[in-house]
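These notes concern the structure reproduced below.
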Amino acid sequence: MSRVAQMLIKTLAPRRAIPGKSILEPSVTKLRVNVFDLDMLFHVNNGIYLQMADVARWDYLSDLNGLAKLRSKRWYPVVAAATVKYKKSLKLGEKVTITCRVLGWDERCVYMEQVFTNGKGELSATAWIAARFLQVGGKRIDMPDVLELLADDAVPTSPELPDAVRDWARAVDVAPR
């Protein structure tokens, strides 16, 4: 199945929310490499890692019952910037675990790390994602409003962003001005 089709299925029938899950708790998604993920060298195409990351972030939102909450406000997430560091190729049939966690946020973006490991637990890739939220029609939604919607309890204070992530956010021009 293509990752685009997988996203459609996860949109129409998301996995069940995890009661009491905090926005700072990691979310784990398990996938398997299929033939549509491969390039001409028979390993996962670099662009497919970003599609797999999309699937994992959708699961993260599902864990928080976030898809339904966002839909009720007509809000949706968009990637403002992404970078991937590749370590070890993924091959056809391999199991892939993607651990998605929020590193922190500012008034404009949420910063996430997504770690890809193969079936042996070896690191395959690490992605950093800066995401924003928009309302249907294009209006930007401030992160405090998004966090208030997604958090079941009081909105936690953002963890201090790692220096490397803060520097990256500035370099790709998504950090607050």
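The values are calculated or read from the model by the stated rules, or taken from the named source; none is laboratory data. For clarity, every value in this text was computed on a predicted model and none was experimentally measured. We place every Cβ from the backbone using ideal geometry, glycine too, and count neighbours over all the protein chains shown.
In segment 17-43, the residues that are under 18 Å from Ser2 (Cα atoms) and in contact (Cβ under 8 Å) with a residue 40 or more places away in the chain form Cβ pairs under 6 Å with partners that are part of a loop (DSSP other than H, G, I, E, B) and among the charged types (D, E, K, R), at six or more places apart or across chains, as follows: Val33/Glu94. Of all residue pairs spaced 6 or more apart or on separate chains, those with beta-carbon atoms under 6 Å, a first member in segment 96-107 that is over 14 Å from Glu25 (Cβ atoms) and a second member that is among the β-branched types (Val, Ile, Thr) and buried (at least 21 other Cβ atoms within 10 Å of the Cβ) are Ile98/Thr29. Filter segment 85-110 for residues that are more than 10 Å from Ala130 (Cα to Cα) and assigned to a loop (DSSP other than H, G, I, E, B) and give the result. Within segment 85-110, Lys87, Lys88, Ser89, Leu90, Leu92, Gly93, Glu94, Asp106, Glu107 meet the criteria. Of the set (1) at pLDDT 95 or above; (2) under 22 Å from Ala17 (Cα atoms), all apply to Asp152 but (1). Would you check which residues across segment 111-123 are assigned to a strand (DSSP E or B) and among the basic types (Lys, Arg) and list them? Within segment 111-123, no residue meets the criteria. Summed over segment 34-71, residues that are polar (S, T, N, Q) and over 19 Å from Val110 (Cβ atoms) total 4. Restricting segment 37-49 to residues that are buried (at least 19 other Cβ atoms within 10 Å of the Cβ) and part of a helix (DSSP H, G or I) leaves a set whose member that is farthest from the chain's Cα centre (by Cα) is Asp37.
Listed here are the residues, each with its yes/no results for (1) among the β-branched types (Val, Ile, Thr); (2) in contact with a Pro (Cβ under 6 Å, 6 or more places away or on another chain); (3) closer than 15 Å to Leu24 by Cα.
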{"position": "Trp75", "(1), (2), (3)": "no, no, no"}
{"position": "Lys91", "(1), (2), (3)": "no, no, no"}
{"position": "Glu113", "(1), (2), (3)": "no, no, yes"}
{"position": "Phe116", "(1), (2), (3)": "no, no, no"}
{"position": "Thr126", "(1), (2), (3)": "yes, no, no"}
{"position": "Ile141", "(1), (2), (3)": "yes, no, no"}
{"position": "Glu148", "(1), (2), (3)": "no, no, yes"}
{"position": "Val155", "(1), (2), (3)": "yes, no, yes"}
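If you go through segment 130-164 and pick out every residue that is more than 20 Å from Pro176 (Cβ to Cβ) and in a loop (DSSP other than H, G, I, E, B), you end up with 6.
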